[in-house]
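Here the structure is laid out as structure tokens; the discussion comes afterwards.
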2 protein chains.
Amino acid sequence: MEPLVARLRRREWRLTAQRRVIAEVLTGEHVHLTADEVFERARALLPEVSRATVYNTLNELVGMGELAEMPHADGRKRYDPNVGDRHHHLVCVDCGRILDVRADEPRLPADQQHGFELLGVEVTFRARCPDCASVPADVS
Amino acid sequence: MEPLVARLRRREWRLTAQRRVIAEVLTGEHVHLTADEVFERARALLPEVSRATVYNTLNELVGMGELAEMPHADGRKRYDPNVGDRHHHLVCVDCGRILDVRADEPRLPADQQHGFELLGVEVTFRARCPDCASVPADVS
DNA sequence: CTCCACCCTTGGAACTGTTCTATGTTCGGG
DNA sequence: CCCGAACATAGAACAGTTCCAAGGGTGGAG
């Protein structure tokens, strides 16, 4: 899949300096940043970017389907630019690290569908990463 | 699975009046309440219960493994008393309604495990419920 | 039965992540 | 240039959750 910035360029979407750095920061595999992490990294590239713009842009990109929003146990949403490429998530319950993984998708039996129109499925494997497994408590 | 209150009774856990009504409210299938909904319903049964106690109790129960916490896109966590009974969730993207469903669990291939110690898997089917499918916009 | 220590509960303040608002800035077309 | 529309900004407002200091109830020791 081509990177987010490239995808945006071919859409008719005004790519301002602020929006570009936000999109640039959201590139690659295993990238699952919080809004605040996006803000910090974007600001490192372009100091004149505000938190509001980060939130506005993230929400717009999610609405456009160019970014996936994933709720997380700690309350902060993560943003995943790796859309269109079916994958699931492997999450460390201790440190919160998230990796993209491939596995087959579960199917919902017809008798369990309750008349719903199915749109997609999200799979999250909860696990403990090697680093956290080697220490007794959590790595905070 | 026996109800939450019954499970708690056999543990050595002080079951005060407040904790009991909180547990009673969390009983049944397809029960996925927010903390505030738990608070409202508990208070209907026992007016002298505070929001802080609801949060304290919910977090304790989650820590004990008697309650599952599920992050949601709208920011409010839902609490599911139906633990120990493997099931997944069917969520309406418009109105947020959540149903318990059974489906087979996806397995994580060994070459995708990244050395993590697997603990569990959460599956969420995103869909549109019959009520929301019949109207153009969302039911707010 | 009485007392004490401890855990539980409480209301409200504090905190965190997100959204809103009012204002200023930039861009492209005429 | 000048204008309107879209975009960006700082900070206030908001919602959900957690923290805190103080009060209250309960169970065990004596």
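The values are calculated or read from the model by the stated rules, or taken from the named source; none is laboratory data. Just so it is clear, the model here is predicted, and its values are computed rather than measured. Neighbour counts are summed over all protein chains in view; Cβ atoms, including those assigned to glycine, are modelled from backbone coordinates with ideal geometry.
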Checklist entry - Taking the condition within 15 Å of DNA strand D (Cβ to nearest atom) and either without any contact (Cβ under 8 Å) to a residue 40 or more places away in the chain or assigned to a helix (DSSP H, G or I) (or both), does B:Y79 pass? => result no
Next on the checklist: For region A:6-22, check the following and say yes or no: at least one residue is closer than 25 Å to A:V91 by Cα and either assigned to a loop (DSSP other than H, G, I, E, B) or among the hydrophobic types (A, V, I, L, M, F, W, C) (or both).
Outcome noted: yes
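Restricting to region A:8-38, what's the tally of residues that are more than 16 Å from DNA strand D (Cβ to nearest atom) and more than 14 Å from every other protein chain (Cβ to nearest Cβ)?
Within region A:8-38, the first condition is being more than 16 Å from DNA strand D (Cβ to nearest atom), and the residues that meet it are A:27-33, A:37.
Cutting the leftovers down to more than 14 Å from every other protein chain (Cβ to nearest Cβ) gives us A:27-28, A:31, A:33, A:37.
Adding up the residues that qualify gives 5.
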Checklist entry - Can you tell me which residues in region A:76-102 are closer than 24 Å to B:I98 by Cα and not β-branched (V, I, T)? => result A:R76, A:K77, A:R78, A:Y79, A:D80, A:R86, A:H87, A:H88, A:H89, A:L90
Next on the checklist: I'd like the full set of residues that are more than 17 Å from the chain's Cα centre (by Cα), of a type in the set (A, V, I, L, M, F, W, C) and more than 14 Å from DNA strand C (Cβ to nearest atom), limited to region A:1-34.
Outcome noted: A:A6
Checklist outcome for this item: The number of residues in region A:127-140 that are surrounded by fewer than 16 Cβ atoms within 10 Å (Cβ to Cβ) and facing chain B (nearest Cβ under 7 Å) is 2
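Every residue, every condition in (1) more than 11 Å from DNA strand C (Cβ to nearest atom); (2) surrounded by 14 or more Cβ atoms within 10 Å (Cβ to Cβ); (3) more than 10 Å from chain B (Cβ to nearest Cβ); (4) closer than 19 Å to B:F125 by Cβ, yes or no:
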{"site": "A:K77", "(1), (2), (3), (4)": "no, yes, no, no"}
{"site": "A:I98", "(1), (2), (3), (4)": "yes, yes, yes, no"}
{"site": "A:D111", "(1), (2), (3), (4)": "yes, no, no, yes"}
{"site": "A:H114", "(1), (2), (3), (4)": "yes, yes, no, yes"}
{"site": "A:L118", "(1), (2), (3), (4)": "yes, no, no, yes"}
{"site": "A:F125", "(1), (2), (3), (4)": "yes, yes, no, yes"}
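Looking at B:E37, B:E48, which one is over 18 Å from B:R7 (Cβ atoms), of a type outside the set (F, W, Y) and within 14 Å of DNA strand C (Cβ to nearest atom)?
Working: B:E37 fails: within 14 Å of DNA strand C (Cβ to nearest atom).
Result: B:E48 is the single residue among B:E37, B:E48 that is over 18 Å from B:R7 (Cβ atoms), of a type outside the set (F, W, Y) and within 14 Å of DNA strand C (Cβ to nearest atom).
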Checklist entry - Of these, B:H88, B:H72, which one is in contact with a Phe, Trp or Tyr (Cβ under 9 Å, 6 or more places away or on another chain), within 10 Å of chain A (Cβ to nearest Cβ) and more than 10 Å from DNA strand C (Cβ to nearest atom)? => result B:H88
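Quick one: which of A:V38, A:V25 is without any contact (Cβ under 8 Å) to a residue 40 or more places away in the chain and in the same structural domain as A:R10 (by TED's automatic domain parsing)?
On the way: A:V38 fails: without any contact (Cβ under 8 Å) to a residue 40 or more places away in the chain.
Exactly one of A:V38, A:V25 is without any contact (Cβ under 8 Å) to a residue 40 or more places away in the chain and in the same structural domain as A:R10 (by TED's automatic domain parsing), namely A:V25.
Name the one entry in A:V91, A:V101 that is under 24 Å from B:T34 (Cα atoms) and more than 16 Å from DNA strand D (Cβ to nearest atom). Even if it seems obvious, please write down each step before you answer.
On the way: A:V101 fails: under 24 Å from B:T34 (Cα atoms).
Result of the check over A:V91, A:V101: A:V91.
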Checklist entry - Are any residues in region B:39-56 assigned to a helix (DSSP H, G or I) and within 10 Å of DNA strand D (Cβ to nearest atom), and if so, which ones? => result B:F39, B:R51, B:A52, B:T53, B:V54, B:Y55, B:N56
Checklist outcome for this item: Those residues of region B:60-69 that are over 12 Å from the mean Cα position of the chain (by Cα) and more than 9 Å from DNA strand C (Cβ to nearest atom) come to a total of 2
Checklist outcome for this item: Just one listed residue, out of B:D94, B:D100, B:D36, is acidic (D, E), part of a loop (DSSP other than H, G, I, E, B) and closer than 30 Å to A:G115 by Cα, and it is B:D94
